[in-house]
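Colleague: Provided herewith is a single structure, encoded as structure tokens, for subsequent inquiry.
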Amino acid sequence: MEGPQAPAAAAPARPLERRRLLRWGYLVLGCLMVALGLIGALLPVMPTTIFLILALACFNRASPRLEQKLLDHPRFGPPLRLWRQHGAMSRRAKHYACGGIALGFVLMCLGRPPWWVIIMVGAFEIGLVVYLLRRPELPSGL
């Protein structure tokens, strides 16, 4: 006696559904990163560029149209294109990023979070600063 069998067309639909869910996930995450980047553009203690770089990576997987829109943006597009082409940052951007990270950490500590939060955030931010400082600097002609 045979049990019920799924139609043959249902099996290939699963990978398609999974790709669609992943695409939507990247799209939502990309929009969240853009929102955080815009908040960072308004607040001096929050970075902007790193969130837009992450948004660019998400949109690369989810929406080439939104990715291109970010790359074509008059203010944020040039640093994103330079990052993509050279994987480098300007010295000024490194200074601003490290200063913002340090200021944000100090402000967080003034709020008296638990010691383990200070250690966790501090370790993460030290790793981030080391990563930023090890990035190549843009050639002077760019």
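The values are calculated or read from the model by the stated rules, or taken from the named source; none is laboratory data. All values derive from a computational prediction rather than experimental measurement. When we count neighbours, we look across all protein chains shown, and the Cβ atoms used for this are built from the backbone with ideal geometry, even at glycine.
Colleague: Which of the residues belonging to the stretch 65-79 are surrounded by 15 or more Cβ atoms within 10 Å (Cβ to Cβ) and assigned to a helix (DSSP H, G or I)?
Modeller: If the condition is that a residue be surrounded by 15 or more Cβ atoms within 10 Å (Cβ to Cβ) and assigned to a helix (DSSP H, G or I), then 66, 67, 70, 71, 77, 79 are the ones that fit.
Listed here are the residues, each with its yes/no results for (1) modelled with pLDDT of 85 or more; (2) in contact with a Gly (Cβ under 9 Å, 6 or more places away or on another chain); (3) farther than 23 Å from residue 42 by Cβ; (4) not β-branched (Val, Ile, Thr).
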position	(1), (2), (3), (4)
73	yes, no, no, yes
76	yes, yes, no, yes
93	no, no, no, yes
98	yes, no, no, yes
106	yes, no, no, no
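Colleague: Within the stretch 89-142, how many residues turn out to be in a helix (DSSP H, G or I), among the charged types (D, E, K, R) and surrounded by fewer than 15 Cβ atoms within 10 Å (Cβ to Cβ)? I'd like the intermediate steps shown before the answer.
Modeller: So the first thing to find is which residues in the stretch 89-142 are in a helix (DSSP H, G or I), and the list is 91-110, 115-134.
Subset that is among the charged types (D, E, K, R): 91-92, 94, 125, 134.
Cutting the leftovers down to surrounded by fewer than 15 Cβ atoms within 10 Å (Cβ to Cβ) gives us 91-92, 134.
Qualifying residue count, the stretch 89-142: 3.
Colleague: Please count how many residues of the stretch 37-64 are in a helix (DSSP H, G or I) and within 19 Å of residue 132 (Cβ to Cβ). Lay out the reasoning, then the answer.
Modeller: Quick first cut of the stretch 37-64, residues in a helix (DSSP H, G or I) only: 37-42, 49-62, 64.
Now restrict to residues that are within 19 Å of residue 132 (Cβ to Cβ): 37, 40-41, 49-57.
Qualifying residue count for the region: 12.
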